[in-house]
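Okay, structure first, notes after.
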Amino acid sequence: MLKRAPLVVGLVLAVVASASTWFYVDRILKAQQVADAAVHNRPRGNLSDLYPRWLGARELLRHGRNPYSDEITREIQQGYYGRPLDPTRPDDPQDQQGFAYPVYVVFLLAPTVDFPFEHVQIGFRWLLIALAAASVLLWLRVLRWQVPIGIVLILVALMLGWLPMVQGIKLQQLSLVVAGLMAACGACLAGGWLLLAGGLLALATIKPQLTWPLVLWLLLWASGEWRSRRRFVFGFVLVILLLLGGAQLILPGWLSMFVAAIGHYHQYTQNQSVLVWMFGSIIGRILEVISVLACGFCLWPVRREPATSREFGRAVGLIMALTVVIVPMFAPYNQVLLAPAILALVRSFISAEPVLPAFRLAGMVGGVMLVWPWIATLALSAAFLWLTPELRQRVWPMPFYSNFMMPIFIFGLALLDARLNPARGLRDAAAAE
């Protein structure tokens, strides 16, 4: 009974912290956004990031209309914002909410297009919650980390209340589906289901900007032991060809339309990578190149490691952390891709392996950045009754203070962990056998 007490306390604290995140988003952040929209006369409709993709899929599959067209974009704005955007209004949002996805995303959404969007929203929200909880189990399997059920429950509670995850669920972002598919792909690789893993990774390319680093790494990994891993490549190629071929059948010439839509999207959103946002265009892009090269240097020896090794799991976490800092997207919900790197680092820090003092100090700083949103949301939730509109306007950004530095720290720590402990995975694999 005494041994269970710390786990019970930890679970209670995790639930309270996670509940504070949801309370902050529902009662403080949303209230601030509504008040700001009223002051600047900004439109607010359903504000669901799923809606542009769902409407485009419905119009293409049911009526044969081009989802990349200006007409569909205006209809999307009508639902998403409540009215089409007016370029003569300087306070209107810049994001046009165009259909900036590969057209084969409609195959995933096809089962929903005959239902009212209000019902689709509810189902999709619960799907994202289920994926968030399942991803903890999947990533633990990828990392070959067996923990007590109490720890699993704590991790699930924290995942469900992690600010990037909560934001993604509230916005109904497909990035969370992509993250879930990546986790399932990794777990299938760890379980020896290579053909299925390749197919799942192909489905994850509905957001190619988030998946290309992992795709390149896993293709390189498969080439390291081609005879035993070729089924992964076959599964990926088969499904991607089916997706591309099916897309060409339902919308001929869609690829050029998608490329144009992506260019237009980056033009009106002015998206940048985390590194460019933090350090400026020149230094940021130099750091992007350095990050890719350093990651490649650390991962090159790992290409021959089996998917059942701890080293493989650490490599996947490192690649996904690299993705967060180099892709030209800095929205907090994309940070759900950091989950495997964070879990791998936690395991390294609590292991009996010797850790350099500087590395441990950096890990403490990164840990503070990671838990800061929970600290801030707990404080703001406790002070909710005293938050006047004026005070709320000043303090609402507090949980996002570590938004840009935390991914950089996680990536740096994951890079150091891979570099400083290259043999740990080999020892763990040998012990498991």
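The values are calculated or read from the model by the stated rules, or taken from the named source; none is laboratory data. Bear in mind that the values here come from a model prediction, so they are computed numbers and not experimental data. Reconstructed Cβ throughout: ideal geometry from the backbone, glycine too, with neighbour counts over all protein chains shown.
Tabulated results
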{"read-out": "Failed item in (1) part of a loop (DSSP other than H, G, I, E, B); (2) under 27 Å from P208 (Cα atoms), with D91 passing the rest", "value": "(2)"}
{"read-out": "Flag if V34 is of a type outside the set (S, T, Y), in a helix (DSSP H, G or I) and within 24 Å of L160 (Cα to Cα)", "value": "no"}
{"read-out": "Residues within region 26-49 that are buried (at least 17 other Cβ atoms within 10 Å of the Cβ) and either acidic (D, E) or modelled with pLDDT of 95 or more (or both), tallied", "value": "1"}
{"read-out": "Hits in region 138-150 (condition: in a helix (DSSP H, G or I) and either of a type in the set (F, W, Y) or free of Cβ contacts under 8 Å to residues at least 40 places away in the same chain (or both))", "value": "W139, I149"}
{"read-out": "Residue among L338, L299, L343, L293 that is under 19 Å from L219 (Cβ atoms) and buried (at least 20 other Cβ atoms within 10 Å of the Cβ)", "value": "L299"}
{"read-out": "Verdict on A17 being touching a residue at least 40 places away in the same chain (Cβ under 8 Å), touching a helix residue (DSSP H, G or I) at 6+ places or on another chain (Cβ under 6 Å) and not charged (D, E, K, R)", "value": "yes"}
{"read-out": "Residues of region 254-297 classified as over 15 Å from L322 (Cβ atoms), without any contact (Cβ under 8 Å) to a residue 24 or more places away in the chain and within 23 Å of the chain's Cα centre (by Cα), total", "value": "4"}
{"read-out": "So E59, is it charged (D, E, K, R), closer than 22 Å to Q248 by Cβ, modelled with pLDDT of 90 or more and part of a helix (DSSP H, G or I)", "value": "yes"}
{"read-out": "Hits in region 85-113 (condition: outside the structural domain of S48 (by TED's automatic domain parsing) and without any contact (Cβ under 8 Å) to a residue 40 or more places away in the chain)", "value": "D86, P87, T88, P90"}
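Let's see how each residue does on (1) in the same structural domain as L201 (by TED's automatic domain parsing); (2) of a type in the set (V, I, T); (3) under 26 Å from L181 (Cα atoms):
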| site | (1), (2), (3) |
| --- | --- |
| W226 | yes, no, yes |
| L249 | yes, no, yes |
| G280 | yes, no, no |
| I283 | yes, yes, no |
| L287 | yes, no, no |
| C298 | yes, no, yes |
